[in-house]
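As structure tokens, the structure follows; a few thoughts come after it.
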Amino acid sequence: MILVLSVISPDFLNTSNVFNVLRQISINALLAFGITFVILTGGIDLSVGSILALSGALTAGMLAGGMDPWLAILVSLTAGAWMGAANGVLISKGRVAPFIATLATMTIFRGLTLVYTEGRPISYDNQAFSMLGKGYFLEIPVPVIWMGFAFAALYFLLKHTSFGRHVYAVGGNEEAARLSGVRTDRVKIGVYTISGLLASFSGIILTARLNSAQPTAGASYELDAIAAVVLGGTSLAGGKGWLIGTLIGSMIIGVLDNGLNLLNVPSFYQQVVKGSVILVAVLLDRFQKN
């Protein structure tokens, strides 16, 4: 796909465009990293886009009120983690299906965002905070560096800790995992907390990039993140998948979006093309497994 796009559009492999693609990928990748943990347990999280919007609005509101940026970030990350943990409690203790639970909280968090913002963007003036979304370090966009750190930490957590092994065990066979001594409820609450935390972090970075928080931010982001996880080879049934695949899936979606924009393909048709690519990838994966 990269080869075709580079031939059709000479600007595609331009250094500034490559960095632009990586910067755009970083938001979706952070969301997808969290959802990978959730899907590996056999769950789903539809609320990440709303958590992103509410966290961004909270951060911008606190900055506009004069709060120290680091304290505002800490409060927003804590709020995001609690929102994710609430999903986990509903699913593990309340025995609510993940799709229903996160569909409900998606609506609740979006409603709270509209209540908090009164339906209007919240702007702030803090150049130091804006560097989180727009700055560069050694000519690399700062959001890309955050994405790299998050990937390294989560890869270690998933591959080299008992928690990571328990995530795969719960997704493979929850009852067998429980009989083996795995505290399945804690694992579920843990993965949804990670997903909420990363969604909140994505909202903070997006707010820093835009110098404002939009009440409609993050709409449909959950679908792109889930698509990245599926494209990366993680099974929606749980128990099988890898974080590197999610990173590759996020890059495929980012490159596709950027290439279609460079080719001036109308946005309506872009949705058709992107959905078709995802469908083909899932079907190919299914045929390979059979």
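Can you pull out the trypsin sites (Lys or Arg not before Pro) in region 62-149 whose DSSP state is coil and whose Cβ has at most 14 other Cβ atoms within 10 Å? Answer by residue number: LYS93, ARG95. If a/c stays under 1.5 just call it rounded; otherwise compare a/b with b/c (prolate if a/b is bigger, oblate if not). Do that for region 152-277, with a ≥ b ≥ c from the square roots of the Cα gyration tensor eigenvalues. Since a/c reaches 1.5 and a/b is larger than b/c, the shape of region 152-277 is classed as prolate. Between ALA97 and VAL115, the distance separating the two model label sites (each 7 Å from Cα on the Cα→Cβ line) works out to 2.7 nm.
Please work out whether region 38-79 counts as rounded, prolate or oblate from its C-alpha gyration tensor, where a ≥ b ≥ c are the square roots of the eigenvalues and a/c under 1.5 means rounded, while otherwise a/b larger than b/c means prolate and anything else oblate? Prolate is the answer for region 38-79, as a/c is 1.5 or above and a/b outweighs b/c. The calculated 222 nm mean residue ellipticity attributable to helices in the chain amounts to -25500 deg cm²/dmol, summing -39500 (n - 2.57) over DSSP H runs of n ≥ 4 and dividing by all residues.
Region 55-93 and region 133-152 have their alpha-carbon centroids 21 Å apart. Fully extending the segment from THR15 to SER180, taken as 0.36 nm per residue of separation minus the present Cα-Cα distance, adds 54.3 nm.
Membrane-span-like helices of the chain, defined as complete DSSP H segments with a Cα extent of 30 Å or more along the helix axis and a mean Kyte hydropathy of at least 1.0, are identified as 15-40, 69-92. Using a probe radius of 1.4 angstrom, the carbon and sulfur fraction of the accessible surface of region 179-225 is 57%.
Multiplying the residue separation of ALA104 and ALA128 by 0.36 nm and removing their Cα-Cα distance gives an extension gain of 5.1 nm. Evaluated over the chain, the count of Lys pairs having alpha-carbon atoms less than 22 Å apart is 5 (only pairs 8 or more residues apart or interchain). Relative to the Cα centre, the charge distribution of the chain, modelled as +1 at Lys and Arg Cβ and -1 at Asp and Glu Cβ, gives a dipole magnitude of about 680 debye. Short-range pairs are left out: with C-alpha atoms under 8 Å and at least six residues apart, the relative contact order of region 77-222 is 47 percent. Solvent-accessible area per residue in the chain equals 48 Å², computed with a 1.4 angstrom probe and all protein chains kept. Here the spin labels are modelled as points 7 Å beyond Cα on the Cα-Cβ line, and at ALA219 and PHE156 they lie 4.0 nm apart. Once the Cα-Cα distance is subtracted from the 0.36 nm per residue extended length, the LEU74 to TYR136 segment shows a gain of 20.1 nm.
Each label was represented as a point 7 Å from its Cα along the Cα-to-Cβ direction; for ILE248 and LEU236 these points are 2.1 nm apart.
The values are calculated or read from the model by the stated rules, or taken from the named source; none is laboratory data. The structure presented is a predicted model; accordingly, all values stated were derived computationally and were not measured. Neighbour counts are summed over all protein chains in view; Cβ atoms, including those assigned to glycine, are modelled from backbone coordinates with ideal geometry. The protein model used for the area step is the full one, side chains on, heavy atoms only, and it has no ligands, DNA or RNA in it. Shrake-Rupley method; radii C 1.70, N 1.55, O 1.52, S 1.80 Å.
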